[in-house]
Amino acid sequence: QVQLVESGGGLVHPGGSLRLSCAASGSASGIRTMGWYRQAPGKQRELVATISRDGKTNSADSVKGRFTISSDNAANTVYLQMNSLKPEDTAVYYCNANTPSKGHWGQGTQVTVSA
């Protein structure tokens, strides 16, 4: 089993920045990809960005050029640097980690972008 603990959410003004972190523990050596998803009120959960163990990244068009995903494999931690935040980025952000057999989710962290 993999446990994920997210941190770094909060309230920020439009144009501001936040950095999310997600630390994996447990059977973390089996993780193949990690990533971030988000869910806004009344909307479905959507992909934000993912990163594989060998460093390949993928991100949603809506965040390209503003958000950067990175990871520290030795620490089993993934980061999401979010710059130029917009009100439409407001959502609960969930960390995800995939092993060959299962997907694991964190509890979520709230990001609110508001003036």
- For the chain, built as a Gaussian network whose Cα springs stay under 10 Å, the top-fluctuating residue of S101, S84, S71: S101
- Label-zone membership for region 20-44, site Q107, 7 angstrom Cα→C-beta point, backbone N under 17 Å: 21-26
- Query: Expressed as a whole percentage, what fraction of the accessible surface of region 22-115 belongs to carbon and sulfur atoms when a 1.4 Å probe is rolled over the protein heavy atoms?
  - Reply: 47
- Task: Starting from the eigenvalues of the Cα gyration tensor, five times each then square-rooted, give me the equivalent ellipsoid semi-axes of region 10-73, largest first, whole Å.
- Result: 23, 14, 13
- Message: Only Cα pairs within less than 10 Å get springs; with that Gaussian network setup on the chain, which residue of S29, S21, S70 has the largest fluctuation?
- Response: S29
- Length released on extending from E88 to S52, taking residue separation times 0.36 nm less the Cα-Cα span: 10.3 nm
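Quick one: putting +1 on the C-beta of Lys and Arg, -1 on the C-beta of Asp and Glu, what dipole do you get for the chain around its Cα centre, in Debye to the nearest 20? It would help to have the intermediate numbers written out before the result.
Values: 11 positive and 7 negative charges, 31 e Å.
Dipole about the Cα centre, nearest 20: 140 debye.
Remind me, relative contact order of the chain in percent, using alpha carbon pairs under 8 angstrom and six or more residues apart?
Details: 280 pairs, mean separation 42.6, N = 115.
The value is 37 percent.
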- Spatial extent of the chain: Rg and Dmax, with the Cα atoms as the point set, Å: 13.4, 43
- Item | Accessible solvent surface per residue of region 1-110, calculated while the other protein chains remain in place, 1.4 angstrom probe, Å² | 52
- Just how far, in whole angstrom, is region 64-95 from region 1-28 if you go by their alpha carbon centroids? 8
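The values are calculated or read from the model by the stated rules, or taken from the named source; none is laboratory data. Owing to the predicted nature of the structure, the values given are computational and were not obtained by experimental measurement. All Cβ positions, even for glycine, are placed from backbone atoms using ideal geometry, and neighbour counts span all protein chains on display. Calculation scope for accessible area: heavy atoms of the full protein, side chains included, ligands and nucleic acids excluded. Shrake-Rupley method; radii C 1.70, N 1.55, O 1.52, S 1.80 Å.
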